[in-house]
Structure formats: structure tokens, C-alpha cells
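What follows is a set of notes on a single structure, which appears directly below.
The values are calculated or read from the model by the stated rules, or taken from the named source; none is laboratory data. In this text, all values refer to a predicted model and were calculated from it rather than measured experimentally. No Cβ is skipped: glycine too gets one built from the backbone with ideal geometry, and neighbour counts run over all protein chains shown. Quick note on the areas: whole protein, heavy atoms, side chains included, nothing else; ligands and nucleic acids left out. Shrake-Rupley method; radii C 1.70, N 1.55, O 1.52, S 1.80 Å.
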Amino acid sequence: MIERTLCIIKPDAVAKNVSGNILAMIQNAGFKVLGMKMIRLTPAQAGAFYEVHKERPFYQDLINYMISGPIIPVALEKDNAVEDYRKLIGATNPQNADAGTVRKLYGESIEKNAVHGSDSGENGIIEIAFFFPKAELSANE
Ligand code: ADP
Ligand code: MG
């Protein structure tokens, strides 16, 4: 089934200048880029994006990290996108991620783990809409 998922290249990966490498991995894996931009989040935006984690002890740290520098949200589409993208990026903690995954290659810690990925097709649509008005997505859509 054709699905959409949101990638965010997080501040640590943008700062390390590996955004292009990560995008190449994503495109080589067959994902279509529907939208992409480099932005800086406000604390309120970061808090809203990660609202689902607001009761977790790492919530405030996560917000501080996500506003620490520019990020690159990328709207992706592919058959089985959610599962295939999560396989490509690897486990949340880079130490537990499989060899050759984005997080293994570029993540620094369980927090500074280089990229975001949606956890379901439903959330993929919602998260893409958080960053991209419909008019900004690929003209084919
Ligand atoms: P994922 O990004 O793999 O879907 P989660 O949704 O569980 O992982 O967490 C969202 C983000 O919060 C992670 O990508 C990571 O940046 C951060 N995070 C998750 N767990 C921890 C933790 N135990 N300590 C610090 N930061 C964490
Ligand atoms: Mg998640």
C-alpha cells in the first residue's frame, strides 16, 4: 500500500553536514520526496510536535534539542513507507540500531539520533500536514 511518512533530519545531523548523505540513503531506497525545507522550530512548535511524549521525563530535553538548530522536514511517499523507512533509520537508540542504518551511521545518542520517522501511516499524514501546507507538496499530489 502506498503510504506517506515524515522524515526530519534533526539538528545534530544538520550540524554535522550529513543531510545530503541521509537524503541519498532515503532516495536510493526508493522513497519519493514530496516536500522538503530547512526551518528552525520555536519552543511551542517543538512542544506541539512531540506532545505525545509530554509526560515522559525526556520531554523538555527533547524540545531543547529540537530547537537547538535548523531541522529539515522531508515528506516521503513509497509503498510500505512507514515500515521501510523505520527499517532504513534503525532503532531509536543508535547503539541498538542495525549496521548500515541512518541512526547507526550518524546518531550520537538515544536523544540525538539524527532523524525522526512517523510510527504509522495515519501519523505520517498528520505529521506531514504539521510542516507542509498542501500547496507546498509535490505538484503531482
Ligand atoms: P522514535 O523517534 O524512534 O519514534 P520515540 O517516538 O520513542 O522514538 O521518541 C521520540 C524521540 O525522543 C526520539 O527519537 C529521541 O530523539 C527522543 N528520545 C526517546 N527516548 C529517549 C530517552 N530515553 N532519552 C532521551 N531522549 C529520548
Ligand atoms: Mg516515535
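Here are the numbers for the structure shown:
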{"quantity": "Residue under evaluation Phe58, criteria (1) open to solvent by 40 Å² or more (accessible area, probe 1.4 Å); (2) among the hydrophobic types (A, V, I, L, M, F, W, C); (3) in contact with a Lys or Arg (Cβ under 9 Å, 6 or more places away or on another chain), criterion not met", "calculated": "(3)"}
{"quantity": "Enumeration of residues in the stretch 75-85 that are surrounded by 12 or more Cβ atoms within 10 Å (Cβ to Cβ), farther than 18 Å from Val18 by Cβ and touching a residue at least 60 places away in the same chain (Cβ under 8 Å)", "calculated": "Ala75, Glu77, Lys78, Asn80, Ala81, Val82"}
{"quantity": "Pair list, Cβ < 6 Å and 6+ apart or interchain, from the stretch 1-25 residues that are more than 15 Å from Lys37 (Cβ to Cβ) to residues that are of a type in the set (Asp, Glu) and surrounded by fewer than 19 Cβ atoms within 10 Å (Cβ to Cβ)", "calculated": "Ile2/Asp79; Asp12/Glu108"}
{"quantity": "Unmet criterion (only one of (1) in contact (Cβ under 8 Å) with a residue 60 or more places away in the chain; (2) out of contact with any strand residue (DSSP E or B) (no Cβ under 8 Å at 6 or more places or on another chain); (3) away from ligand 2 (no atom under 14 Å from the Cβ)) for Glu136", "calculated": "(2)"}
{"quantity": "Residues being within 15 Å of ligand 2 (Cβ to nearest atom) and on the phi > 0 side of the Ramachandran plot - total across the stretch 79-126", "calculated": "2"}
{"quantity": "Yes/no for Glu108 being closer than 20 Å to Gly20 by Cα and open to solvent by 10 Å² or more (accessible area, probe 1.4 Å)", "calculated": "yes"}
{"quantity": "The stretch 12-49, residues that are within 13 Å of the chain's Cα centre (by Cα), over 20 Å from Gly124 (Cβ atoms) and surrounded by fewer than 16 Cβ atoms within 10 Å (Cβ to Cβ)", "calculated": "Met38"}
{"quantity": "Qualifying positions in the stretch 73-114 - among the aliphatic types (A, V, I, L, M) and away from ligand 1 (no atom under 13 Å from the Cβ)", "calculated": "Val74, Ala75, Leu76, Ala81, Ala99, Leu105"}
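Condition check ((1) assigned to a helix (DSSP H, G or I); (2) closer than 18 Å to Val18 by Cα) across all residues:
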{"position": "Ala46", "(1), (2)": "yes, no"}
{"position": "Asn64", "(1), (2)": "yes, no"}
{"position": "Gly69", "(1), (2)": "no, yes"}
{"position": "Pro73", "(1), (2)": "no, yes"}
{"position": "Ala91", "(1), (2)": "no, no"}
{"position": "Asp98", "(1), (2)": "no, no"}
{"position": "Asn113", "(1), (2)": "no, yes"}
